[in-house]
Amino acid sequence: MNNETNFSRRRFLGITALTVAAAELGGLGLLKAETRHTDSSNQQNNHLSTATFDTIKQVKTSLLDIGYAESGPANGQPVILLHGWPYDIHSYAEVSAILAKAGYRVIVPHLRGHGTTQFLSAQTFRNGQQAAIATDVIALMDALKIDRAIIGGFDWGARTANIVAALWPERCKAMVSVSGYLIGSQEANKKPLPPKAELSWWYQFYFSTERGRMGYEANRRDFNRLIWETASPTWKFDDATFAQTAPSFDNPDHVAIVIHNYRWRLGLAEGEAKYDEMEKKLATAPPIIVPTVTLEGDANGAPHPKPADYAARFKGKYAHHTINGGIGHNLPQEAPKAFADAIVEAESFAK
């Protein structure tokens, strides 16, 4: 099925407007490793939004009943936007509205263990390893009969987008990744970090204990609000904004998926054998050949690599933008226009 044709005049005009906006950020014809700093003063760190999705759809794969929001025309260029932890689809409510108005078909799924995404069987292992989550995206695309999409993400979503682009480049037309290249491996995670860096991963070590699992189970909303505050230290989100996302943490599998994700990273929990070959490939830090735009907020309080450290991982047409104005870890929600512009720019690289 080809989803890249029959675009309407409305989409053309919308993309033209967004492309002009992206061009004003520094132009679309960039050399591979160029870094640009983008002023986000019109969407400052006090950016608040109660934008939401009117309807949540469900689609079944072999393992999951995936909840997702869909915006824009059915024949538009598909864009799949992936959230991180501890966030949900509302990180993309405004981004989706901007892209849908421009004529894109925007799909925003709840990752496993979040929102309305449910396992079909009680017997299925609640696996949070990176390969499993990436495979969910391919299964979602198959279920929706989407051959090829632009994929964007941050946090867990950026890592997942990276994996899809690296292992299934034929399914990924272009990519937008906050904090760049995030594919990891258990072997790489054995290497200790400098003390300051280790401190920033405090929750990962907390989750490695039974006390941590119990603490997260009992206090998941307070815990996740704390992560929001530390990961985006200058973002002045209000109670209503957090309350939109908080119900997603009530998913019955949420704690199991989160705990397994972080324990698997440290080699403290086993994955599934069916993902072993995939994980071996990912452990080699495979290059990404699809056209890519990476983004970073100037006030990201979460652990993240420096743009210069990952630029060489991207072998296709590539650009990086640092978004100024106190933008933290939840970049799509804090700076939605900048993220939407990056989707348009990445698509332009694929032409």
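Each reported figure results from applying straightforward, stated rules to the coordinates on display, with no laboratory input. Worth saying up front: this structure is predicted, and the values here are computed from it rather than measured. Because the Cβ atoms are built from the backbone with ideal geometry, glycine has one as well, and the counts that use them run over all protein chains shown.
Listing for the model above:
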quantity	calculated
Karplus-derived 3J(HN,Hα), 6.51/-1.76/1.60, for each residue of region 251-260, Hz, glycine and proline x	3, x, 9, 4, 5, 4, 5, 5, 4, 5
For region 74-86, 3J(HN,Hα) per residue [Karplus equation, 6.51 cos²θ - 1.76 cosθ + 1.60, θ = phi - 60°, Hz, x = Gly/Pro]	5, 9, x, 4, x, 10, 10, 10, 10, 7, x, 10, x
Fluctuation leader among Leu111, Leu331, Leu120 - the chain, Gaussian network, Cα springs under 10 angstrom	Leu120
Options (i) 123; (ii) 136; (iii) 153 - which one matches volume of the Cα convex hull per residue in Å³ as calculated here	(i)
Largest-first ellipsoid semi-axes for region 189-288, taking √(5λ) over the Cα gyration tensor eigenvalues, angstrom	27, 18, 15
Top of His90, His304, His320 by mean-square fluctuation, Gaussian network on the chain, Cα under 10 Å	His304
Over the chain, relative contact order from alpha-carbon pairs under 8 Å, at least 6 apart, %	27
Per-pair calculated FRET efficiency, R0 = 25 Å: Ala243 and Phe205 via Cβ, rounded to 0.05	0.30
Lysines with Cα under 30 Å of Lys57, excluding same-chain neighbours fewer than 8 positions away	Lys101, Lys145, Lys173, Lys274, Lys337
In nm, spacing of pseudo-spin labels at Lys236 and Glu187 (7 Å Cα→C-beta vector)	4.9
Separation of alpha-carbon centers, region 255-290 and region 161-180, rounded to whole Å	16
Listed residue (Thr284, Pro247, Ser185) projecting farthest to the positive dipole end of region 9-349, Cβ model	Thr284
Whole-Hz ³J(HN,Hα) from phi, Karplus 6.51 cos²θ - 1.76 cosθ + 1.60, for region 345-350, glycine and proline x	4, 4, 5, 5, 5, 7
For Leu82, residues with placed amide H under 5 Å, excluding near neighbours	Gly152, Gly153, Phe154
Spin-label pair Leu268/Ala197, simplified geometry with 7 Å Cα→Cβ offset, distance in nm	1.9
Amide H contacts under 5 Å for Asp147, placed H, 5+ residues apart	Asn3
Reachable lysines from Lys191, criterion Cα separation under 21 angstrom, eight or more residues apart if same chain	Lys280, Lys281, Lys306
Förster-model FRET efficiency, 51 Å R0, Ala218 and Lys315, C-beta, rounded to 0.05	0.65
Test item: Cα-centred dipole of region 9-349, Lys/Arg +1 and Asp/Glu -1 on Cβ, debye	620
Placed amide H near Leu64: partners under 5 Å, 5+ positions off or other chain	Leu120
